[in-house]
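Before any comments, here is the structure.
The values are calculated or read from the model by the stated rules, or taken from the named source; none is laboratory data. It should be emphasised that the depicted structure is a prediction, and the values quoted were computed from it without experimental measurement. Neighbour counts are summed over all protein chains in view; Cβ atoms, including those assigned to glycine, are modelled from backbone coordinates with ideal geometry.
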Ligand SMILES: Nc1ncnc2c1ncn2[C@@H]1O[C@H](COP(=O)(O)OP(=O)(O)OP(=O)(O)O)[C@@H](O)[C@H]1O
Ligand SMILES: [Mg+2]
């Protein structure tokens, strides 16, 4: 069975490949109601973790639970051994994500809208990750899917998948003059904007920008704060349990808003409190403005790339595709239409667009080809001048073309000027005019490479950090080779071309 699986911060959505159709898989919740998602939730039932719908019901009863597992994966400090606190227990994060995905696999096989799938038939999935997911996040996501019993046949950036779904649905809006789609994806925990160029069945992701820390969940917090303020109380005064209950109530009230709604009424500490929808939208304005600003930056990058005049990239847009459950909020399409007019299209399945696109890409018969960009830069801080100065080199640009079917490499060679090379690798989202990384900069690995053949000959027990960095004349020729695999995970290989000494490291985060 081939599937697209969108492991979301708040909801996980699955679409199947079924003879040229890509139905969204429906699941039965604990009350036997049909849902087109599984809540991405873990709760502690007595002593053991439970997942999905059961976890949601227990969470509503006040049982210790964990939301937004996916946000923890975005933290560069997270490794395979990271634990999270659940109730009074420390549990392995990767184990929890694996347990959750195993529950998704089990539900797909046994209690979903597709016919029962025997245990021996593989679940071949294309899975999504946020466009800006760093190498470690990609690695942990793959690992969890693998341990949960999926056969991962591909990993795509979520907005690229939504772009596929757009052209599948709105092929006629794409013309030779207007051949770009801007995907606006506001999920529960992340925002991504991607520019996709379409040429027949070939989709090329031209660029992507996003914010891993902005999503629909943040609108819940804004609403809860507004309501608390109206009730003359604060999160601190309410205490954790009541504040969590208020955020839950805020999510529910937000999701029930229609374009006609005038007021929202929520219980604060068992007392009903009303705020106007207009006040809520006003309080949420900075969040919406920041998503639009991210889109504008993406468009400006593209114009700068092409050396085009300001405004031309906007004119080339076939459509702005609004996806992600967070964009159901009426104020969002309204703000986008004010800015971009009639080309704003809302997906008929805002919450399932990514999963459908992933399923499209899992179907070899659909005939779509996707070309991706790295979407985040990789650079290195290294010692200069006997270790007293540190310089920054950009290695892979966010615009680098990568492939979802094969590895892509970049190499450079130089003569070493020190006895030891100390490389601190980072991933970053943008650089300033001087080429210095700005915005989110995440350490992804440290490599200490002995250039001096005498040091290369030392055994593993010697701590290279203790050796003083010195300048040398006539150092060896060093080749740095960077490989980006089809899942977007970067590996570095440092080779001394004179002695053949090689060091290879996956830059998938610390300790992996
Ligand atoms: N009718 C609605 N009105 C407003 N917001 C909604 C509505 N339905 C869902 N949402 C919000 O959509 C968000 C979930 O969206 P979605 O399912 O696309 O996210 P996700 O895939 O779980 O997260 P991410 O893509 O960030 O990993 C939540 O914040 C939820 O409150
Ligand atoms: Mg999503």
Test: residue in the range 115-126 that is assigned to a helix (DSSP H, G or I), touching a helix residue (DSSP H, G or I) at 6+ places or on another chain (Cβ under 8 Å), within 16 Å of ligand 2 (Cβ to nearest atom) and assigned by TED's automatic domain parsing to the domain that holds residue 16: no
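For (1) at pLDDT below 90; (2) outside the structural domain of residue 130 (by TED's automatic domain parsing), each residue gets a yes or a no:
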residue: 280; (1), (2): no, yes
residue: 294; (1), (2): no, no
residue: 301; (1), (2): yes, no
residue: 314; (1), (2): yes, no
residue: 317; (1), (2): yes, no
residue: 320; (1), (2): no, no
residue: 341; (1), (2): yes, no
residue: 344; (1), (2): no, no
query: Of these, 357, 377, which one is at pLDDT 85 or above and in contact with a helix residue (DSSP H, G or I) (Cβ under 7 Å, 6 or more places away or on another chain)?
result: 357
task: Would you point out which residue out of 82, 76, 9 is within 14 Å of ligand 1 (Cβ to nearest atom), assigned by TED's automatic domain parsing to the domain that holds residue 151 and more than 19 Å from residue 116 (Cβ to Cβ)?
output: 9
query: Which one of these does residue 9 not meet: (1) at pLDDT below 95; (2) farther than 17 Å from residue 142 by Cβ; (3) away from ligand 2 (no atom under 16 Å from the Cβ)?
result: (3)
- prompt: Does the range 187-237 hold any residues that are under 25 Å from the mean Cα position of the chain (by Cα) and part of a helix (DSSP H, G or I), and which are they?
  reply: 216, 217, 218, 219, 220, 221, 222, 223
Residues satisfying the stated conditions in the range 131-174, i.e. part of a loop (DSSP other than H, G, I, E, B), farther than 17 Å from residue 491 by Cα and out of contact with any strand residue (DSSP E or B) (no Cβ under 6 Å at 6 or more places or on another chain): 148, 149
message: Take residue 183 and tell me if it is at pLDDT below 90, closer than 20 Å to residue 349 by Cβ and either away from ligand 1 (no atom under 15 Å from the Cβ) or in contact with a helix residue (DSSP H, G or I) (Cβ under 7 Å, 6 or more places away or on another chain) (or both).
response: no
field: Out of 332, 288, sole residue that is at pLDDT 95 or above, touching a helix residue (DSSP H, G or I) at 6+ places or on another chain (Cβ under 7 Å) and within 16 Å of ligand 2 (Cβ to nearest atom)
entry: 332
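Table: residues versus (1) without any contact (Cβ under 8 Å) to a residue 40 or more places away in the chain; (2) touching a helix residue (DSSP H, G or I) at 6+ places or on another chain (Cβ under 8 Å); (3) in the same structural domain as residue 321 (by TED's automatic domain parsing).
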position: 210; (1), (2), (3): no, yes, yes
position: 221; (1), (2), (3): yes, yes, no
position: 227; (1), (2), (3): no, yes, no
position: 240; (1), (2), (3): yes, no, no
position: 243; (1), (2), (3): yes, yes, no
position: 246; (1), (2), (3): yes, yes, no
task: Please verify whether the range 82-89 includes one or more residues that are touching a helix residue (DSSP H, G or I) at 6+ places or on another chain (Cβ under 6 Å), assigned to a loop (DSSP other than H, G, I, E, B) and more than 16 Å from ligand 2 (Cβ to nearest atom).
output: yes
query: When you scan the range 445-470, how many residues do you find that are touching a strand residue (DSSP E or B) at 6+ places or on another chain (Cβ under 6 Å) and not in a loop (DSSP other than H, G, I, E, B)?
result: 8
query: Would the range 87-98 turn up any residue that is under 20 Å from residue 30 (Cβ atoms) and in contact (Cβ under 8 Å) with a residue 40 or more places away in the chain?
result: yes
field: Pick from the range 251-269, criterion without any contact (Cβ under 8 Å) to a residue 12 or more places away in the chain and near ligand 1 (Cβ under 9 Å from one of its atoms), ranking: nearest to residue 235 (Cα to Cα)
entry: 252
